[in-house]
1. When the chain is fully extended, how far beyond the present Cα-Cα distance does L9 get from F78, taking 0.36 nm per residue of separation?
2. Between I90 and K37, what's the calculated FRET efficiency when r is the beta-carbon distance and R0 is 30 Å? Round to 0.05.
3. Across segment 68-85, in residue order, what do the Karplus-derived ³J(HN,Hα) couplings come to in whole Hz, using 6.51 cos²θ - 1.76 cosθ + 1.60 with θ = phi - 60° and x for Gly and Pro?
4. Work out, step by step, the length gained on full extension between W18 and V63: first 0.36 nm times the residue separation, then minus their alpha carbon distance; give nm to one decimal.
5. Jot down the radius of gyration and Dmax of segment 2-99, Cα atoms only, both in angstrom.
6. Working out 0.36 nm times the residue gap between F25 and I56, then minus their Cα-Cα distance, what length gain in nm do you get to one decimal?
7. Please state the charge dipole magnitude for segment 2-99, taken about the Cα centre, from unit charges on C-beta atoms (+1 on K and R, -1 on D and E), reported in debye and rounded to the nearest 20.
8. Debye sum, Cα scatterers, segment 52-101, no solvent: what log₁₀ I/I(0) at q = 0.25, 0.27 1/Å?
Amino acid sequence: MDHWLILFLCVAFFAVCWAVIAYVFVTMARQGDERRKLIVGRAAAACFPVFLLYLIFHVVEDVYRSVTGGESDGVNAFSTLLVFSVLYAIELLYYKRKYGD
């Protein structure tokens, strides 16, 4: 019985992950007035520096691993997309609350 619960929790977790990613894409594609564009722009602008720092960190880590003879792991696309989708969704909710959309 425990394996069914674990399976259900894993499927539920991935469903929530894909829902957050879909929410981000739908939100970015939806048209609106100037206030809506301001909210989406501010949320994207707040996430961009974090994304750049994340990528710089991975580049430095890969260079360090290649110099020391280690193996490079690369960047996992799904986890990167998930983390920044959640970050963007949080920023979007913050700016929606702040500017009232």
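1. Full-extension gain reported as 23.0 nm.
2. 0.95
3. Coupling constants for segment 68-85: 7, x, x, 9, 7, 8, x, 10, 6, 5, 5, 5, 5, 4, 5, 4, 6, 5 Hz.
4. Residue separation times 0.36 nm, minus the Cα-Cα distance, leaves 13.0 nm.
5. 17.5, 53
6. My answer for the length gained is 8.7 nm.
7. 740
8. -0.91, -0.97
Laboratory data are not the source of any read-out in this text; all were calculated from the coordinates shown. No experiment lies behind these values; they were computed from the predicted model shown. Neighbour counts are summed over all protein chains in view; Cβ atoms, including those assigned to glycine, are modelled from backbone coordinates with ideal geometry.
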